[in-house]
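Comments concern the structure below.
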Amino acid sequence: MAVYALTGFSLVSLLSFGYLSWDWMKPSLVRDFSMDPMEKSLPPAFSRPPHIIFILTDDQGYHDIGYHDSDIQTPMLDRLAAEGVKLENYYIQPICTPSRSQLITGRYQIHTGLQHSIIRPRQPNCLPLDQVTLPQKLQEAGYSTHMVGKWHLGFYKKECLPTRRGFDTFLGSLTGNVDYYTYDNCDGPGVCGYDLHEGENVAWDQSGKYSTFLYAQRVNKILATHNPKEPIFIYVAFQAVHTPLQSPKEYIYRYRSMGNVARRKYAAMVTCMDEAVRNITWALKKYGYYDNSVIVFSTDNGGQTFSGGSNWPLRGRKGTYWEGGVRGIGFVHSPLIKRKRRTSWALVHITDWYPTLVTLAGGNVSEAKGLDGYNVWPAISEGKESPRTEILHNIDPLYNHAKHGSLEGGFGIWNTAVQASIRVREWKLLTGDPGYSDWIPPQMLTNFPGSWWNLERLTDSVRKSVWLFNISADPYERDDLSDQRPDVVRALLKRLVHYNRTAIPVRYPAENPRAHPDFNGGAWGPWASEEEAEDWEGGGGPLRNKNKKKTCKICKLRSFFRKLNTRLMSNRI
């Protein structure tokens, strides 16, 4: 991932001339940085537990939905959002695994050890097994639980699989980037394997079916065979609209006038996904679920602008801590909402779905100690104030340290070379290297990619490691106030220090050659035996195997990865 600092590109002038007229939330005063994080709202009273359908899309940009004035057609999503509650102060994480882990656990990355990068196919790593997951809590509340789509939370041993983490059924992919038709995924040259699974078995017979349609059909089948009088939770994690850019030709034809080929294919994928959501909604109504259902729609991170996505008018892209990377599309549609057809500016984070949905289900949130999420249903349904006042976007001690950061630059309390970001009320602080920082208007997409490389080079010359923005007044992150408001910078740095004291070690082990699909029948899947899984550590340290007598090529590679990982760990705080 290319990363760059603040740019002085002249697009700022376009923003300053009033080109944008979006109605953003008004700023409030900064106060009480130490609000009790465990303060919760009272649960609503339902006559019976609602059916919960959680739809998560992959790499869909902030500008890539119809009601954000997009050039992409999403009639079903627009309708569901218009009849429900649009979340316009909603945050996710900048990349795949972190968002999914926080949804499933209700905890920040620093509290699960997944604060660095993603879980890669060959890593002996997965969502920590000591975490009680959202589907497990819903099972406790009497729900039938089903997952369809992309997992990307680790699979090196069977205990990591979705069916062992709270889902009664699973159809989908375990890795993060598969072909939409063949379900092949390559994790480097020559390291390729098939990745579509039915439960804990490889679903070879489903090859050739376009994943977006396949997943919608599976949801339809689940609803058709379940008793609507019994509560159900379905987690639909679409592969769309992540690369590779693939779509049925009839959808691409709709966007034939688009000059940018990547944008054209991407738009087709979004519209195809919109129709899949329409089919799911139709099934909810047909089989008698709809009147007692809650549909949550969320993106997992910002759009990848080099692959057709757009986050306009926000700054940055996928993989960055600028708003374009972490402010997501989100809405809730439900006949159970008390105040429908409105836009909510309540501060909401992806960790909030865990306590919110468990509370709706009649589950016991108090037993899940250490949650970072809040029950935001009263804010969504009734328009009450959000109990959330701050968000830790992340602290990543392993990410490349900023060249111009220092402990002195952080008032002696925080090393500003470390990549971190936090929001407290209207204030947002970034330290280290937040990632590619330009604004990319939709009209520039037709020039992709040639004119963009020059923009990237401009960002590399700015020597900064601390930024401060009033996000409520300046959602586009144009005006850096770090020099004018050192008092706020210091206060937010103290909050980073507070959170960092609660962080657990990073879980980012070296890749293991044993994970190669060639050793698993040509498919990605669990590869460590129970004995091996006990021998290897899942933490941030190097892999360890008690059998030291082996001298095979795999063992030599393991030694190499161990040394490499040790070097990486030397960069920790």
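With θ taken as phi - 60° and the Karplus curve 6.51 cos²θ - 1.76 cosθ + 1.60 applied, the whole-hertz 3J(HN,Hα) list for region 130-143 is 7, 7, 7, 7, 4, x, 5, 5, 6, 4, 4, 8, x, 8 Hz, x standing for glycine and proline.
Take each of the peptides 63-71, 480-488, 339-347, average the number of other beta-carbon atoms within 10 Å over its residues, and list them starting from the highest. Let's see the in-between values first.
Details: 63-71: 19.8, 480-488: 14.1, 339-347: 17.1.
Descending mean neighbour count gives 63-71, 339-347, 480-488.
Electrostatic tally near Phe238: other residues with Cβ closer than 9 Å to its Cβ, Lys and Arg +1, Asp and Glu -1, net 0.
Rounded if a/c is under 1.5, else prolate if a/b beats b/c, else oblate: with a ≥ b ≥ c from the C-alpha gyration tensor eigenvalues square-rooted, which is region 251-391? List each step's numbers first, then the result.
Values: a/c = 2.40, a/b = 1.39, b/c = 1.72.
Because a/c hits 1.5 or more and a/b fails to exceed b/c, region 251-391 counts as oblate.
Around the amide H of His349, modelled in the peptide plane, lie the amide H atoms of Tyr91, all under 5 Å away and 5 or more residues distant in sequence or on another chain.
Projecting label points 7 angstrom from Cα along Cα→Cβ for Val261 and Ala473 puts them 4.7 nm apart. Proximity of backbone amide H atoms, modeled 1.01 Å from N, is registered between Gly330 and Leu87 at under 5 Å, excluding neighbours fewer than 5 places apart on the same chain. Relative protection proxy for 254-265, 127-138, from highest mean packing down: 127-138, 254-265 (other beta-carbon atoms within 10 angstrom).
Amide H to amide H distances under 5 Å link Ser482 with Leu468, where only residues 5 or more positions off or on other chains count and H is placed in the peptide plane. Taking all protein chains together and a 1.4 Å probe, the residues Val202, Val358 rank Val202, Val358 from largest to smallest accessible area.
Put simply, when 349-355, 519-525 are sorted by average Cβ atoms within 10 angstrom per residue, most first, you get 349-355, 519-525. If you average the alpha carbon positions of region 108-124 and of region 223-259, how far apart do those two centres end up, in angstrom? Each part reduced to its Cα centre gives a spacing of 27 Å. Leaving ligands, DNA and RNA out of it, report the carbon-plus-sulfur percent of the accessible area of region 309-371 at a 1.4 Å probe. Taking all protein chains in place, region 309-371 shows 45 percent carbon and sulfur surface.
For region 230-342, the solvent-accessible area with a 1.4 angstrom probe is 30 square angstrom per residue.
How much length, in nm to one decimal, is gained on full extension between Lys403 and Lys369, taken as 0.36 nm per residue of separation minus their Cα-Cα distance?
Details: separation 34, 0.36 × 34 = 12.24 nm, distance 3.83 nm.
The Lys403-Lys369 span can extend by a further 8.4 nm.
Taking each of Lys86/Lys428; Lys157/Lys369; Lys86/Lys158; Lys340/Lys369 in turn, the alpha-carbon distance tops 28 angstrom for Lys86/Lys158; Lys340/Lys369.
Rolling a 1.4 Å probe across the protein heavy atoms gives region 103-226 an accessible surface of 31 Å² per residue. For Pro75, the shell of other residues with beta-carbons less than 15 Å away shows a net charge of -4, using +1 for Lys and Arg and -1 for Asp and Glu.
The values are calculated or read from the model by the stated rules, or taken from the named source; none is laboratory data. Here the structure is a predicted model, which means the values were calculated and not measured. Note: ideal-geometry Cβ built from the backbone for every residue, glycine included; neighbour counts use all protein chains shown. Areas reflect the complete protein model, heavy atoms only, side chains present, ligands, DNA and RNA absent. Shrake-Rupley method; radii C 1.70, N 1.55, O 1.52, S 1.80 Å.
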